[in-house]
Amino acid sequence: MPIARNNYKTIMNTEVNELTVAASLAEHYGIEGALRRLPGENLNYLVETGTGQRYVAKIVDDDMPPEVVEMEFRAIEHAESVGFPLQLPRILKNRQGNIETGIKFPLNSLKRLRLLSFINGTLLADITDISDELLKNVGISLARFNLAMQGFEHPAAQRNHRWNLARAGQHRDKISLLEDAVKQELLTWAFKRWTETESILPSLPQQFIHGDANPENILVTGGQVSGLVDFGDSCINPTVCDLAICLCYVMMERENPREIAEMMIGSYHGERGLSSLERSVIYPLIYGRLATSLVISNSRRAIDPHNPNWFDGEASAWNLLLTLKDLDL
């Protein structure tokens, strides 16, 4: 059976991208090895050399401000300097002493390459039977990260981006792009619930947050959280946003999402006390994150309806949002 035109283009792009990244790694880092595309919406690769050394190569568009990358570099340095115990991905400098390398893909625009240390562990997303103790440990670990980062400041952290939970309302106008009236109604409700927090958020404790502590960015070893990766969405936000974002993804495909949420909120609170005001905004923030994810996913279909990395988990997000609405939390 002949390869469909869209699939053929995807295969060709994949091969060209991998060859381009491999050439850049050899030239600028002196590293040669096999590349494997990592899951997620971004263009990231696992790099494994012939001697078994592993790295992560991350590709970002050239319009990503360099100061944001420098912010990530400094944030990880800060966390390590204050003794944060989890493994974090160090950005490795190239032969020129820079933390990024310009790279030109023949079929795409200019981009930049970052090489990071590889963190050992099993992704939380790959664990099918997550124990209550591990879920509690996720809450504890996230609280400890927030405490460790309280003193970190960087000018680039004062930014907005499409996943900024404190600015979720910027996506409300995308609801009308959905053709399903029932889904439109559900998203309208979710954004309305998030709006209840909009005037409260500025009065809550603010700090540098990870911004995407989902199961694909949390590593586990021996039944305990051992690492945290991908700081691409980090910014200044109400601290509680980190917890709300994490809860969104941990609750997906669970029979008892409310019980899981309350258990993790309790374990987080045991490390970093939550005020009554912070507690009151957790579920509205969850609704805002789910709604943001769903409208962005829908918008992306007009760009590339065949990209599996852009729609993974969409059905689970719809189901969770509907479940939480029925629970009237």
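The values are calculated or read from the model by the stated rules, or taken from the named source; none is laboratory data. Because the structure is a prediction, the values reported are computed rather than measured. So basically every Cβ, Gly included, is an ideal-geometry build from the backbone, and we count neighbours across all protein chains shown. Side chains are part of the model used for accessible areas, which takes the heavy atoms of the whole protein and leaves out ligands, DNA and RNA. Shrake-Rupley method; radii C 1.70, N 1.55, O 1.52, S 1.80 Å.
Just one of the listed residues (N319, N237) is among the polar types (S, T, N, Q), open to solvent by 10 Å² or more (accessible area, probe 1.4 Å) and on the phi < 0 side of the Ramachandran plot, namely N319.
Return yes or no: is I119 modelled with pLDDT under 95 and either farther than 21 Å from F84 by Cβ or exposed (fewer than 14 other Cβ atoms within 10 Å of the Cβ) (or both)? So I119 fails the test. Out of all the residues in segment 85-103, which are in contact (Cβ under 8 Å) with a residue 60 or more places away in the chain, open to solvent by less than 20 Å² (accessible area, probe 1.4 Å) and either under 25 Å from L147 (Cβ atoms) or part of a strand (DSSP E or B) (or both)? Matches in segment 85-103: L88, P89, T101, I103.
The set of residues from segment 157-168 being part of a helix (DSSP H, G or I) and either of a type in the set (D, E) or open to solvent by less than 20 Å² (accessible area, probe 1.4 Å) (or both) comprises A157, L165, A168. With respect to V21, determine if the residue is open to solvent by less than 30 Å² (accessible area, probe 1.4 Å) and at pLDDT below 95. For V21, the condition - open to solvent by less than 30 Å² (accessible area, probe 1.4 Å) and at pLDDT below 95 - is met.
Can you pull out every residue in segment 132-152 that is assigned to a loop (DSSP other than H, G, I, E, B) and at pLDDT 95 or above? Result: M149, Q150, F152. Of the numbered conditions (1) open to solvent by 20 Å² or more (accessible area, probe 1.4 Å); (2) modelled with pLDDT under 95; (3) closer than 18 Å to M149 by Cβ, E271 fails exactly one; give the number of that condition. Of everything listed in (1) open to solvent by 20 Å² or more (accessible area, probe 1.4 Å); (2) modelled with pLDDT under 95; (3) closer than 18 Å to M149 by Cβ, E271 misses just condition (2).
Take P106 and decide whether it is touching a Ser or Thr at 6+ places or on another chain (Cβ under 8 Å), exposed (fewer than 13 other Cβ atoms within 10 Å of the Cβ), not in a helix (DSSP H, G or I) and not polar (S, T, N, Q). When the stated conditions are applied, P106 passes them.
For every residue, the table says whether it meets (1) under 16 Å from T101 (Cβ atoms); (2) surrounded by 13 or more Cβ atoms within 10 Å (Cβ to Cβ).
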{"position": "N42", "(1), (2)": "no, yes"}
{"position": "G50", "(1), (2)": "no, no"}
{"position": "Q53", "(1), (2)": "no, no"}
{"position": "V56", "(1), (2)": "yes, yes"}
{"position": "I59", "(1), (2)": "yes, yes"}
{"position": "A75", "(1), (2)": "no, yes"}
{"position": "S81", "(1), (2)": "no, no"}
